[in-house]
Amino acid sequence: MAVQAEEVKVNDALAAAVASDFRSDSNKLRDIYRNPAQTLAFFDVKADQTVIELWPGGGWYAEILAPYLAKNGQYVAANFETKPAEDTRQTAYYKSAGLKFEKWVEDNKATVGNVQFVTLSPPEKLKLGEDNSADHVLTFRNLHNWAMKGQLEGVFNAAYAVLKDGGSFGVVEHRANIGMAAESGYMEQNQMVELAKKIGFELLASSEVNANPKDTKDYPKGVWTLPPRLAMGDQDKQKYLDIGESDRMTLKFIKKAK
């Protein structure tokens, strides 16, 4: 079933976390595209729950979730590998980004509370915590990264294992047209739904809160052509700024009791 943004009620604590001065101004500028209050309310994330965010990256959502959960809940960051077994350009990027995020957590402990960490590095490290321990697993614009490495099913399985019965897997991802490759940064919504069902999830609802009909999805450098990356630099920059961020699927899956 489809759920409209206006049908979702944002609780006061979540609204306060989104409006907080703790968030950087640059991150707040993205709210017009990412709709964090409505998205997290759609996922039904409550302040006393255990929430695992997969690959928080630069911490855009962590800046909201960690303070929101600090007092009565638990924020768990399934972070990049910070101790890679081999030194490549990609592992170096993950290490640097992961350590930067860990430092941000340490520097802001008074606000973010006792953040827990697990390492998500498929296929070697896919354990997100004790089985049946989390209320929500959330991922924002990451599915293509795992798909390009052939690891998407493993990540979905890991999310399923760590969730409690009735827990939810919340997915936001760049939405492909039929036939587009993962290398574009976009993923087909129907394929994501079918994969989740294969794992054992049930699609509870979808939302168009993060849709963008201006996104034609036919750019020289895939989704990264659009903001915030703007991979073409100054070339046609205003054109891409006018389009805005990508068209995104927003899906809520539930772990069915077996």
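The values are calculated or read from the model by the stated rules, or taken from the named source; none is laboratory data. Note that the coordinates shown come from a computational prediction; the quantities given were computed from them, not determined experimentally. When we count neighbours, we look across all protein chains shown, and the Cβ atoms used for this are built from the backbone with ideal geometry, even at glycine. What goes into the accessible areas is simple: the full protein's heavy atoms, side chains included, and nothing from ligands, DNA or RNA. Shrake-Rupley method; radii C 1.70, N 1.55, O 1.52, S 1.80 Å.
Here are a few things to note about the model shown:
- Local charge for ASP21 was computed over the other residues whose Cβ lies under 13 Å away, with Lys and Arg +1 and Asp and Glu -1, and equals 0.
- Two tests apply to each whole DSSP H helix in the chain, Cα reach of 18 Å or more along its axis and mean Kyte-Doolittle hydropathy of at least 1.0, and none passes both.
- Beta bridges per DSSP, both residues in the range 158-258: antiparallel share near 95 percent.
- Heavy-atom accessible area order for LYS95, LYS214, largest first, 1.4 Å probe: LYS214, LYS95
- Bridgeable lysines around LYS125 (alpha carbons under 19 Å apart, same-chain partners fewer than 8 residues away excluded): LYS83, LYS95, LYS149.
- Antiparallel beta bridges, as assigned by DSSP with both residues in the chain, represent about 40 percent of the total such bridges.
- Share of pairwise Cα-Cα distances greater than 16 Å in the range 1-127 is 64 percent (whole percent).
- Structure-based [θ]222 nm, the chain - -39500 (n - 2.57) summed over DSSP H runs of at least 4, per residue, nearest 500: -9500 deg cm²/dmol
- Simple spin-label estimate for SER20 and ASP107 in nanometres, 7 Å along Cα-Cβ: 1.6
- Amide H contacts for LEU204 (H built 1.01 Å from N in the peptide plane; partners 5 or more residues away or on another chain; cut-off under 5 Å): LYS252, PHE253, ILE254.
- Taking all protein chains as shown and a probe of 1.4 angstrom, GLU183 keeps an accessible surface of around 110 Å².
- If you take the Cα centroid of the range 136-153 and the Cα centroid of the range 190-239, the two points sit 13 Å apart.
- Residue pairs, from the table LYS100/LYS221; LYS46/LYS164; LYS164/LYS256; LYS46/LYS127; LYS9/LYS252; LYS9/LYS214, whose Cα atoms sit over 18 Å apart: LYS100/LYS221; LYS46/LYS127; LYS9/LYS214
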